[in-house]
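The values are calculated or read from the model by the stated rules, or taken from the named source; none is laboratory data. Values in this document were obtained by computation on a predicted structure and should not be read as measured data. Don't worry about glycine lacking a Cβ; one is built from the backbone with ideal geometry, like all the others, and counts go over all protein chains shown. Ligands, DNA and RNA are excluded from the accessible area calculation, which covers all protein heavy atoms including side chains. Shrake-Rupley method; radii C 1.70, N 1.55, O 1.52, S 1.80 Å.
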Amino acid sequence: MEIQIISVVVLLVVITALYKFLPYREMGDKKPFFALFPKYIKVIECDTQSTSEEEILSGLGFKKVKQDASITKYTRGSVLGDISIKLSKVDVYLRSISPTEMEVAVQARWVAAFDTGDHWQFLSELSKKLENA
C-alpha cells in the first residue's frame, strides 16, 4: 500500500514538473481534438496602449494577480473545479511586445495532463476580444 501511495505522489510530481517546464505551444489555426499538456501562446495585433484588457478579462471572471514591467497575470476558477475550462483554475499572461503587438498565453494554474480543445478555444475567443477592443 505504501509503495502505491508513493508511486502516485511521484507520478503527480513528474506530471506537474513536465507541465510547468514544457514550453508553450503556438496556437495553430485548427482546434485540436486532443492535446497533451495544453499550454498555448499567441501573438495578437492590438493597440497595447489603449486596450482595455483588464475590463475584458474581469468580464470573463478573471482577477489581476501580478503585474511586472511588461507581463500581467490574471487568474480565475478553482483548483478543485472540474475539467471544464469554465470552472478549472486558469492563468492568462499578457505581455506587451510593441505598441501594436501583445503576446497572450493560457495555461492551467496547477496542471492539465490533457485537453479536448477547451484551452485552444478559450485563447481563440480571448484573442479576438482583445484584438477588437
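Before moving on, here are some points about what is shown:
- Computed on the chain, with alpha-carbon pairs under 8 angstrom and 6+ residues apart, the relative contact order is 31 percent.
- 0 to 90° range, to nearest 10: angle between helix 118-131 axis and the chain longest Cα axis: 10
- Along the chain, longest interval not containing exposed trypsin sites (Lys or Arg not before Pro), exposed being DSSP loop plus at most 13 other Cβ atoms within 10 Å: 31-85
- Considering only chymotrypsin sites (Phe, Trp or Tyr not before Pro) in DSSP loops that have at most 16 other Cβ atoms within 10 Å, the longest stretch of the chain without any of them is 35-109.
- Protein-only accessible surface at a 1.4 angstrom probe places the residues Glu103, Glu131, Glu55 in the order Glu55, Glu131, Glu103, largest first.
- Degrees, to the nearest 10: 2-21 long Cα axis against longest axis of the chain: 20
- Sorting Asp118, Asp91 by accessible area puts them as Asp118, Asp91; the probe is 1.4 Å, largest comes first, and only protein heavy atoms count.
- Å² per residue, accessible surface of the chain at 1.4 Å: 63
- Accessible carbon and sulfur surface of the chain relative to its total accessible area, %, 1.4 Å: 60
- Lysines with Cα under 17 Å of Lys66, excluding same-chain neighbours fewer than 8 positions away: Lys89
- Area of Val65 that stays accessible when all protein chains are in place (1.4 Å probe, Å², to 10): 80
- With a Förster radius of 41 Å applied to the beta-carbon distance between Glu55 and Val13, the computed FRET efficiency rounds to 0.60.
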